[in-house]
Amino acid sequence: MSEEQGRAQPAQGSAVTDGGVAGADPQLTDLQQQLQTMKAEAVQNSEKFLRARADMENIRRRAEIDVSNAHKYAIERFASELVAVRDSLELARTVDIRQESDTALQKMHQGLDLTLKLMDDVLRKFSVTIVDPKGEKFDPAKHQAISMVESNEVPPNHVAAVMQKGYLLHDRVIRPAMVVVARAPATQPTE
């Protein structure tokens with residue numbers, strides 16, 4: 001039997017304990033302590049690896065969301081500028097040509113109609129939706145109430161009139177609709 005084999009085997013009559021073998025070779029005890037230390041380091045390194053992997057997964061998810069939002073809302077500023085132009089065109093469209101007999105006015109009106117249609121197509125192409133909530137339930141996330149009126153025709157907390165249309169870019173409000181909200185008529189005092 002070699003010297004090392006002799007060290008690996010506990011001596012007869014010696015007791016085995018958690019910390020090593022009682023009465024065993026001090027070199028064997030030292031190796032067992034080193035093994036315990038390395039096992040503890042391995043556990044710590046495994047935990048660090050799992051935390052680092054979780055952090056990387058969170059960073060990857062956040063990056064995906066940021067990229068998705070960048071693609072989805074990249075034209076927000078463009079759309080905000082464009083809706084003001086649309087408002088102006090729509091205002092010009094309100095001219096009543098029946099009171100004007102001028103042919104030029106009629107042609108201008110036709111041009112405005114075509115321009116509005118083109119602009120609506122462009123807005124639709126860039127996922128801009130017009131919010132025209134007349135008669136709908138008031139939604140503070142999409143509507144801006146400028147006043148309230150008593151109404152028997154429109155249910156309370158519903159939009160009685162739209163003063164200015166709103167706009168959505170995908171599901172994000174880029175301008176709320178300015179609306180007048182209906183409320184129940186005050187009850188008349190009974191005589």
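Report yes if some residue within the stretch 84-96 is farther than 30 Å from L168 by Cβ and either of a type outside the set (F, W, Y) or modelled with pLDDT under 95 (or both); otherwise report no. The answer is yes, given that some residue of the stretch 84-96 is farther than 30 Å from L168 by Cβ and either of a type outside the set (F, W, Y) or modelled with pLDDT under 95 (or both). Scanning the stretch 21-76 for residues that are assigned to a helix (DSSP H, G or I) and under 30 Å from S127 (Cα atoms) yields a total of 16.
Just wondering, is there one or more residues in the stretch 82-98 that are part of a loop (DSSP other than H, G, I, E, B) and surrounded by 12 or more Cβ atoms within 10 Å (Cβ to Cβ)? Checked against the condition, which is being part of a loop (DSSP other than H, G, I, E, B) and surrounded by 12 or more Cβ atoms within 10 Å (Cβ to Cβ), the stretch 82-98 yields at least one hit. The requirement of being among the charged types (D, E, K, R) and under 27 Å from the mean Cα position of the chain (by Cα) is satisfied by K142.
Check the stretch 146-169 and report whether any residue there is open to solvent by 40 Å² or more (accessible area, probe 1.4 Å) and under 21 Å from the mean Cα position of the chain (by Cα). Checking the stretch 146-169: not a single residue is open to solvent by 40 Å² or more (accessible area, probe 1.4 Å) and under 21 Å from the mean Cα position of the chain (by Cα).
Scan the stretch 132-142 and give yes if some residue there is in a helix (DSSP H, G or I) and in contact (Cβ under 8 Å) with a residue 12 or more places away in the chain, otherwise no.
Within the stretch 132-142 (the criterion being in a helix (DSSP H, G or I) and in contact (Cβ under 8 Å) with a residue 12 or more places away in the chain), the answer is no, since none of the residues qualifies.
Only one of M148, M163 is under 24 Å from R86 (Cα atoms) and assigned to a strand (DSSP E or B). Can you tell me which? Going through M148, M163 in turn, just one is under 24 Å from R86 (Cα atoms) and assigned to a strand (DSSP E or B): M163.
The values are calculated or read from the model by the stated rules, or taken from the named source; none is laboratory data. Keep in mind the model is a prediction, meaning the values are calculated, not measured. Methodologically, a virtual Cβ is constructed for each residue, glycine included, from the backbone with ideal geometry; neighbour enumeration extends over all protein chains shown. All accessible areas refer to the heavy atoms of the entire protein, side chains included, with ligands and DNA or RNA removed. Shrake-Rupley method; radii C 1.70, N 1.55, O 1.52, S 1.80 Å.
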